[in-house]
Amino acid sequence: MSSIRKAVFPAAGLGTRFLPATKAQPKEMLPVVDKPIIQYGVEEAVASGIDQIIVVTGRDKRAIVDHFDISFELEHYLKDRGKTRELQLVRKISDMVDITYIHQKEPLGLGHAVLMAKDLVGNEPFAVFLADDIIRSRVPCMRQMMEVFQQRQAPVLALYRVGKDQVSRYGIVKVKSTDGRVHEVEDMVEKPSAAEAPSDLAILGRYILTPNIFGLLENTREGVGGEIQLTDGLRALAQQGPIVGLEFEGTYFDVGTPAGLLKTSIAFALERPGLREELSGYLASLDGRSEGKPGPSQ
Ligand code: G1P
(Lines give C-alpha, C1' and ligand atoms only; values in the text may rest on other atoms or scores of the structure.)
Protein backbone atom coordinates (compact mmCIF):
# COMPACT_ATOMS: atom_id res chain seq x y z
CA MET A 1 0.00 0.00 0.00
CA SER A 2 1.18 3.50 -0.74
CA SER A 3 2.18 6.07 1.83
CA ILE A 4 -0.19 8.73 3.14
CA ARG A 5 0.06 11.99 1.18
CA LYS A 6 -3.33 13.56 1.66
CA ALA A 7 -5.19 14.77 4.74
CA VAL A 8 -8.83 15.78 5.05
CA PHE A 9 -9.73 18.47 7.59
CA PRO A 10 -13.48 18.67 8.18
CA ALA A 11 -14.14 22.31 9.14
CA ALA A 12 -17.79 22.78 8.29
CA GLY A 13 -19.36 22.60 11.74
CA LEU A 14 -21.40 25.55 12.94
CA GLY A 15 -19.37 25.97 16.11
CA THR A 16 -22.48 26.58 18.18
CA ARG A 17 -20.62 26.01 21.45
CA PHE A 18 -18.61 29.15 20.78
CA LEU A 19 -21.39 31.53 19.80
CA PRO A 20 -21.33 34.47 19.42
CA ALA A 21 -17.58 34.26 18.55
CA THR A 22 -18.39 31.84 15.71
CA LYS A 23 -21.28 33.79 14.23
CA ALA A 24 -19.16 35.12 11.38
CA GLN A 25 -16.00 32.98 11.55
CA PRO A 26 -15.31 29.25 11.72
CA LYS A 27 -14.37 27.89 15.14
CA GLU A 28 -11.20 26.53 13.53
CA MET A 29 -9.97 30.14 13.37
CA LEU A 30 -10.32 30.81 17.10
CA PRO A 31 -6.85 31.30 18.57
CA VAL A 32 -4.97 29.23 21.10
CA VAL A 33 -2.68 32.02 22.35
CA ASP A 34 -1.94 33.59 18.95
CA LYS A 35 -2.35 30.76 16.46
CA PRO A 36 -5.68 29.60 15.04
CA ILE A 37 -6.80 26.12 16.11
CA ILE A 38 -6.58 24.68 12.59
CA GLN A 39 -2.94 25.69 12.15
CA TYR A 40 -1.86 23.32 14.96
CA GLY A 41 -3.37 20.40 13.02
CA VAL A 42 -1.96 21.56 9.69
CA GLU A 43 1.51 21.82 11.25
CA GLU A 44 1.21 18.26 12.60
CA ALA A 45 0.13 17.04 9.15
CA VAL A 46 3.10 18.73 7.47
CA ALA A 47 5.51 17.43 10.13
CA SER A 48 4.14 13.94 9.42
CA GLY A 49 4.95 14.20 5.70
CA ILE A 50 1.50 15.08 4.31
CA ASP A 51 1.78 17.24 1.20
CA GLN A 52 -1.83 17.89 0.26
CA ILE A 53 -4.55 19.12 2.53
CA ILE A 54 -8.26 19.10 1.72
CA VAL A 55 -10.31 21.36 3.97
CA VAL A 56 -14.05 20.68 3.96
CA THR A 57 -15.59 24.05 4.70
CA GLY A 58 -19.03 25.28 5.59
CA ARG A 59 -20.73 28.56 4.92
CA ASP A 60 -17.97 30.78 6.31
CA LYS A 61 -14.71 29.53 4.83
CA ARG A 62 -13.14 32.89 3.98
CA ALA A 63 -11.07 33.36 7.09
CA ILE A 64 -9.50 29.89 6.69
CA VAL A 65 -8.73 30.43 3.00
CA ASP A 66 -7.23 33.87 3.68
CA HIS A 67 -5.18 32.58 6.60
CA PHE A 68 -3.32 30.03 4.48
CA ASP A 69 -3.09 32.30 1.43
CA ILE A 70 -0.46 34.93 0.62
CA SER A 71 -1.31 38.34 2.03
CA PHE A 72 0.45 40.78 -0.31
CA GLU A 73 -0.76 43.81 1.59
CA LEU A 74 0.40 42.56 4.96
CA GLU A 75 3.72 41.31 3.58
CA HIS A 76 4.33 44.65 1.90
CA TYR A 77 3.57 46.50 5.12
CA LEU A 78 5.85 44.29 7.22
CA LYS A 79 8.68 44.54 4.68
CA ASP A 80 8.32 48.28 4.54
CA ARG A 81 8.57 48.58 8.33
CA GLY A 82 11.51 46.17 8.55
CA LYS A 83 9.49 43.69 10.61
CA THR A 84 11.50 40.68 9.41
CA ARG A 85 10.42 38.23 12.11
CA GLU A 86 6.72 38.87 11.51
CA LEU A 87 7.25 38.70 7.75
CA GLN A 88 8.85 35.27 8.06
CA LEU A 89 6.01 34.17 10.33
CA VAL A 90 3.26 35.02 7.82
CA ARG A 91 5.24 33.73 4.80
CA LYS A 92 5.80 30.41 6.51
CA ILE A 93 2.04 29.88 6.77
CA SER A 94 1.32 30.41 3.07
CA ASP A 95 4.41 28.38 2.04
CA MET A 96 3.58 25.49 4.33
CA VAL A 97 1.53 23.14 2.17
CA ASP A 98 -0.91 22.87 -0.75
CA ILE A 99 -4.49 23.30 0.41
CA THR A 100 -7.65 22.58 -1.57
CA TYR A 101 -11.08 23.61 -0.31
CA ILE A 102 -14.32 21.82 -0.83
CA HIS A 103 -17.71 23.03 0.26
CA GLN A 104 -20.14 21.00 2.33
CA LYS A 105 -23.49 22.59 1.60
CA GLU A 106 -25.27 21.31 4.69
CA PRO A 107 -23.76 20.29 8.04
CA LEU A 108 -24.96 16.68 7.88
CA GLY A 109 -22.26 15.26 10.14
CA LEU A 110 -18.62 14.23 10.25
CA GLY A 111 -19.12 11.16 8.06
CA HIS A 112 -20.79 13.29 5.41
CA ALA A 113 -17.98 15.89 5.60
CA VAL A 114 -15.35 13.19 4.97
CA LEU A 115 -17.44 11.88 2.05
CA MET A 116 -17.25 15.34 0.42
CA ALA A 117 -13.51 14.73 -0.13
CA LYS A 118 -14.07 11.50 -2.09
CA ASP A 119 -13.09 12.78 -5.55
CA LEU A 120 -10.10 14.78 -4.28
CA VAL A 121 -8.74 11.85 -2.30
CA GLY A 122 -9.21 9.32 -5.10
CA ASN A 123 -8.17 5.73 -4.70
CA GLU A 124 -5.51 5.96 -2.00
CA PRO A 125 -5.29 5.76 1.79
CA PHE A 126 -5.61 9.15 3.47
CA ALA A 127 -5.54 10.89 6.83
CA VAL A 128 -8.36 12.72 8.62
CA PHE A 129 -7.65 15.43 11.19
CA LEU A 130 -10.23 16.95 13.52
CA ALA A 131 -8.76 20.32 14.41
CA ASP A 132 -10.60 20.34 17.78
CA ASP A 133 -8.11 17.82 19.08
CA ILE A 134 -4.62 19.22 19.47
CA ILE A 135 -1.99 16.60 20.18
CA ARG A 136 1.44 17.46 21.51
CA SER A 137 4.07 14.76 21.13
CA ARG A 138 7.74 14.23 20.42
CA VAL A 139 6.95 12.29 17.24
CA PRO A 140 3.85 13.82 15.60
CA CYS A 141 0.77 11.69 16.36
CA MET A 142 -0.03 11.18 12.66
CA ARG A 143 3.55 10.10 12.00
CA GLN A 144 3.21 7.45 14.76
CA MET A 145 -0.02 6.27 13.11
CA MET A 146 1.63 6.10 9.67
CA GLU A 147 4.24 3.72 11.08
CA VAL A 148 1.47 1.43 12.34
CA PHE A 149 -0.29 1.70 8.97
CA GLN A 150 2.87 0.60 7.15
CA GLN A 151 3.24 -2.42 9.43
CA ARG A 152 -0.39 -3.50 9.60
CA GLN A 153 -1.72 -2.34 6.21
CA ALA A 154 -5.06 -1.52 7.85
CA PRO A 155 -6.96 1.64 8.81
CA VAL A 156 -5.62 3.22 12.02
CA LEU A 157 -7.50 5.18 14.70
CA ALA A 158 -5.88 7.36 17.37
CA LEU A 159 -6.91 6.11 20.82
CA TYR A 160 -6.73 7.83 24.19
CA ARG A 161 -7.90 6.59 27.59
CA VAL A 162 -10.61 8.76 29.10
CA GLY A 163 -12.50 8.76 32.39
CA LYS A 164 -15.89 7.03 32.62
CA ASP A 165 -17.56 10.41 32.93
CA GLN A 166 -16.06 11.40 29.55
CA VAL A 167 -16.98 8.41 27.35
CA SER A 168 -20.27 9.94 26.16
CA ARG A 169 -18.35 12.66 24.31
CA TYR A 170 -16.43 10.28 22.05
CA GLY A 171 -16.49 7.26 19.79
CA ILE A 172 -15.44 4.36 22.05
CA VAL A 173 -13.85 1.16 20.76
CA LYS A 174 -14.32 -2.47 21.68
CA VAL A 175 -10.95 -4.19 21.57
CA LYS A 176 -10.38 -7.66 20.12
CA SER A 177 -6.69 -8.05 20.93
CA THR A 178 -3.78 -5.91 22.10
CA ASP A 179 -0.11 -5.82 21.17
CA GLY A 180 1.71 -3.14 23.18
CA ARG A 181 0.07 0.17 22.27
CA VAL A 182 -1.69 -1.24 19.20
CA HIS A 183 -5.20 -2.64 19.63
CA GLU A 184 -7.17 -4.54 17.06
CA VAL A 185 -10.64 -3.00 17.04
CA GLU A 186 -13.62 -5.32 16.98
CA ASP A 187 -16.35 -2.70 17.05
CA MET A 188 -17.04 0.87 18.18
CA VAL A 189 -19.92 2.98 19.34
CA GLU A 190 -20.50 6.71 18.99
CA LYS A 191 -21.06 8.62 22.23
CA PRO A 192 -22.21 5.76 24.46
CA SER A 193 -23.44 6.19 28.02
CA ALA A 194 -20.97 5.15 30.73
CA ALA A 195 -22.95 1.92 31.20
CA GLU A 196 -22.89 1.04 27.48
CA ALA A 197 -19.27 1.96 26.78
CA PRO A 198 -17.30 -1.14 25.71
CA SER A 199 -14.00 0.29 27.07
CA ASP A 200 -12.37 3.53 28.19
CA LEU A 201 -10.50 3.91 24.88
CA ALA A 202 -11.78 6.95 23.00
CA ILE A 203 -11.21 7.65 19.32
CA LEU A 204 -9.50 11.03 18.99
CA GLY A 205 -9.55 13.18 15.90
CA ARG A 206 -6.82 11.44 13.89
CA TYR A 207 -7.62 8.66 11.45
CA ILE A 208 -5.88 6.84 8.61
CA LEU A 209 -8.56 5.48 6.32
CA THR A 210 -8.67 3.43 3.16
CA PRO A 211 -10.76 4.63 0.20
CA ASN A 212 -13.38 1.90 0.60
CA ILE A 213 -14.73 4.03 3.48
CA PHE A 214 -16.39 6.31 0.91
CA GLY A 215 -18.78 3.69 -0.47
CA LEU A 216 -19.64 2.72 3.10
CA LEU A 217 -20.31 6.34 4.10
CA GLU A 218 -22.59 6.70 1.09
CA ASN A 219 -24.71 3.95 2.60
CA THR A 220 -24.49 5.10 6.21
CA ARG A 221 -27.76 6.32 7.70
CA GLU A 222 -28.18 9.12 10.18
CA GLY A 223 -26.97 8.08 13.62
CA VAL A 224 -26.49 9.85 16.95
CA GLY A 225 -27.71 13.46 16.78
CA GLY A 226 -29.40 12.85 13.40
CA GLU A 227 -26.00 13.11 11.69
CA ILE A 228 -24.08 10.81 9.37
CA GLN A 229 -21.42 9.61 11.77
CA LEU A 230 -17.90 8.66 10.73
CA THR A 231 -17.94 6.10 13.55
CA ASP A 232 -20.89 4.31 11.90
CA GLY A 233 -18.98 4.19 8.60
CA LEU A 234 -16.00 2.76 10.50
CA ARG A 235 -18.19 0.04 12.02
CA ALA A 236 -19.03 -1.07 8.48
CA LEU A 237 -15.34 -0.86 7.55
CA ALA A 238 -14.49 -3.14 10.48
CA GLN A 239 -16.79 -5.77 8.90
CA GLN A 240 -14.64 -5.73 5.74
CA GLY A 241 -11.24 -6.22 7.36
CA PRO A 242 -9.12 -5.40 10.39
CA ILE A 243 -9.00 -1.89 11.87
CA VAL A 244 -6.36 -1.04 14.43
CA GLY A 245 -6.17 1.64 17.09
CA LEU A 246 -2.96 3.20 18.35
CA GLU A 247 -2.66 4.49 21.90
CA PHE A 248 -0.30 7.18 20.71
CA GLU A 249 2.46 8.72 22.80
CA GLY A 250 1.61 12.31 23.53
CA THR A 251 -0.72 14.69 25.30
CA TYR A 252 -4.20 15.57 24.15
CA PHE A 253 -5.71 19.03 24.42
CA ASP A 254 -9.41 19.38 23.72
CA VAL A 255 -10.21 22.76 22.19
CA GLY A 256 -13.75 21.80 21.19
CA THR A 257 -15.39 23.52 24.16
CA PRO A 258 -14.91 27.00 25.65
CA ALA A 259 -13.48 25.49 28.88
CA GLY A 260 -11.08 23.28 26.91
CA LEU A 261 -9.98 26.16 24.71
CA LEU A 262 -9.30 28.32 27.77
CA LYS A 263 -7.36 25.59 29.59
CA THR A 264 -5.28 24.84 26.50
CA SER A 265 -4.61 28.54 25.94
CA ILE A 266 -3.39 28.91 29.52
CA ALA A 267 -1.24 25.77 29.32
CA PHE A 268 0.37 26.86 26.05
CA ALA A 269 0.83 30.47 27.21
CA LEU A 270 2.56 29.30 30.40
CA GLU A 271 5.16 27.56 28.20
CA ARG A 272 5.87 30.72 26.27
CA PRO A 273 8.77 32.89 27.44
CA GLY A 274 7.60 36.47 27.55
CA LEU A 275 4.05 35.45 28.49
CA ARG A 276 4.76 32.97 31.27
CA GLU A 277 5.90 35.45 33.91
CA GLU A 278 3.06 37.89 33.50
CA LEU A 279 0.38 35.21 33.21
CA SER A 280 1.56 33.08 36.13
CA GLY A 281 1.71 36.18 38.34
CA TYR A 282 -1.81 37.04 37.26
CA LEU A 283 -3.11 33.51 37.89
CA ALA A 284 -1.48 33.48 41.34
CA SER A 285 -3.19 36.78 42.12
CA LEU A 286 -6.57 35.17 41.30
CA ASP A 287 -5.92 32.10 43.42
CA GLY A 288 -8.18 31.88 46.45
CA ARG A 289 -9.87 35.07 45.52
CA SER A 290 -13.61 34.80 45.62
CA GLU A 291 -14.49 38.44 45.35
CA GLY A 292 -13.15 41.41 43.51
CA LYS A 293 -12.76 42.15 39.88
CA PRO A 294 -9.21 41.57 38.75
CA GLY A 295 -8.53 43.62 35.65
CA PRO A 296 -6.11 42.77 32.88
CA SER A 297 -3.34 44.85 34.44
CA GLN A 298 -3.44 43.07 37.81
C1 G1P B 1 -16.04 13.31 16.79
C2 G1P B 1 -16.30 11.84 16.49
C3 G1P B 1 -16.01 10.98 17.73
C4 G1P B 1 -14.61 11.25 18.23
C5 G1P B 1 -14.40 12.75 18.48
C6 G1P B 1 -12.95 13.05 18.81
O7 G1P B 1 -17.02 13.76 17.71
O8 G1P B 1 -17.64 11.68 16.05
O9 G1P B 1 -16.16 9.62 17.41
O10 G1P B 1 -14.38 10.50 19.41
O11 G1P B 1 -14.75 13.51 17.33
O12 G1P B 1 -12.80 14.36 19.23
P13 G1P B 1 -17.32 15.34 17.93
O14 G1P B 1 -16.22 15.84 18.82
O15 G1P B 1 -17.30 15.96 16.57
O16 G1P B 1 -18.66 15.39 18.58
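The values are calculated or read from the model by the stated rules, or taken from the named source; none is laboratory data. Quick caveat, the model's predicted, so the values are computed rather than measured. With ideal geometry, Cβ positions are generated from the backbone for all residues, glycine too; neighbour counts draw on all protein chains shown. For the accessible areas, the whole protein counts, side chains as well, though only heavy atoms, and no ligand, DNA or RNA atoms are used. Shrake-Rupley method; radii C 1.70, N 1.55, O 1.52, S 1.80 Å.
Which condition number does Gly226 fail, the rest of (1) open to solvent by 50 Å² or more (accessible area, probe 1.4 Å); (2) modelled with pLDDT under 95; (3) more than 27 Å from Asn123 (Cβ to Cβ) being met?
(1)
Of everything in the stretch 171-201 that's of a type outside the set (Val, Ile, Thr) and surrounded by 23 or more Cβ atoms within 10 Å (Cβ to Cβ), which residue is farthest from the chain's Cα centre (by Cα)?
Restricting to residues being of a type outside the set (Val, Ile, Thr) and surrounded by 23 or more Cβ atoms within 10 Å (Cβ to Cβ), the top hit is Met188.
Show me the strands (runs of 3 or more DSSP E) entirely contained within the stretch 92-199 in which 2 or more residues are more than 16 Å from the ligand (Cβ to nearest atom). If you could, list the steps in order and put the result at the bottom.
Values: elements: 98-103, 126-129, 133-136, 156-161, 171-179, 182-190.
In the stretch 92-199, 98-103, 171-179, 182-190 are the strands (runs of 3 or more DSSP E) which contain 2 or more residues that are more than 16 Å from the ligand (Cβ to nearest atom).
Look through Gly233, Gly241 and report the one residue that is in contact with a Leu (Cβ under 9 Å, 6 or more places away or on another chain) and of a type outside the set (D, E, K, R). Write out each step before concluding.
Working: Gly241 fails: in contact with a Leu (Cβ under 9 Å, 6 or more places away or on another chain).
Selected residue: Gly233, the only one of Gly233, Gly241 that is in contact with a Leu (Cβ under 9 Å, 6 or more places away or on another chain) and of a type outside the set (D, E, K, R).
Does the stretch 204-212 contain at least one residue that is out of contact with any strand residue (DSSP E or B) (no Cβ under 8 Å at 6 or more places or on another chain), more than 14 Å from the ligand (Cβ to nearest atom), over 30 Å from Asp34 (Cα atoms) and open to solvent by less than 30 Å² (accessible area, probe 1.4 Å)? Reasoning before the result, please.
Step one: of the stretch 204-212, the residues out of contact with any strand residue (DSSP E or B) (no Cβ under 8 Å at 6 or more places or on another chain) are 210, 212.
Still in the list and also more than 14 Å from the ligand (Cβ to nearest atom): 210, 212.
Checking which are over 30 Å from Asp34 (Cα atoms) leaves us with 210, 212.
If we keep only those that are open to solvent by less than 30 Å² (accessible area, probe 1.4 Å) too, we end up with 210.
Looking through the stretch 204-212, at least one residue is out of contact with any strand residue (DSSP E or B) (no Cβ under 8 Å at 6 or more places or on another chain), more than 14 Å from the ligand (Cβ to nearest atom), over 30 Å from Asp34 (Cα atoms) and open to solvent by less than 30 Å² (accessible area, probe 1.4 Å).
Out of curiosity, is Arg221 open to solvent by 40 Å² or more (accessible area, probe 1.4 Å), away from the ligand (no atom under 16 Å from the Cβ) and not in a strand (DSSP E or B)?
The answer is no for Arg221.
Given (1) modelled with pLDDT of 95 or more; (2) open to solvent by 50 Å² or more (accessible area, probe 1.4 Å); (3) in contact with a strand residue (DSSP E or B) (Cβ under 8 Å, 6 or more places away or on another chain), where does Lys61 come up short, assuming only one miss?
Evaluating Lys61 over (1) modelled with pLDDT of 95 or more; (2) open to solvent by 50 Å² or more (accessible area, probe 1.4 Å); (3) in contact with a strand residue (DSSP E or B) (Cβ under 8 Å, 6 or more places away or on another chain) leaves (1) as the failure.
Out of all the residues in the stretch 1-39, which are under 21 Å from Ile102 (Cβ atoms) and assigned to a helix (DSSP H, G or I)?
Lys27, Glu28, Met29, Ile37, Ile38, Gln39
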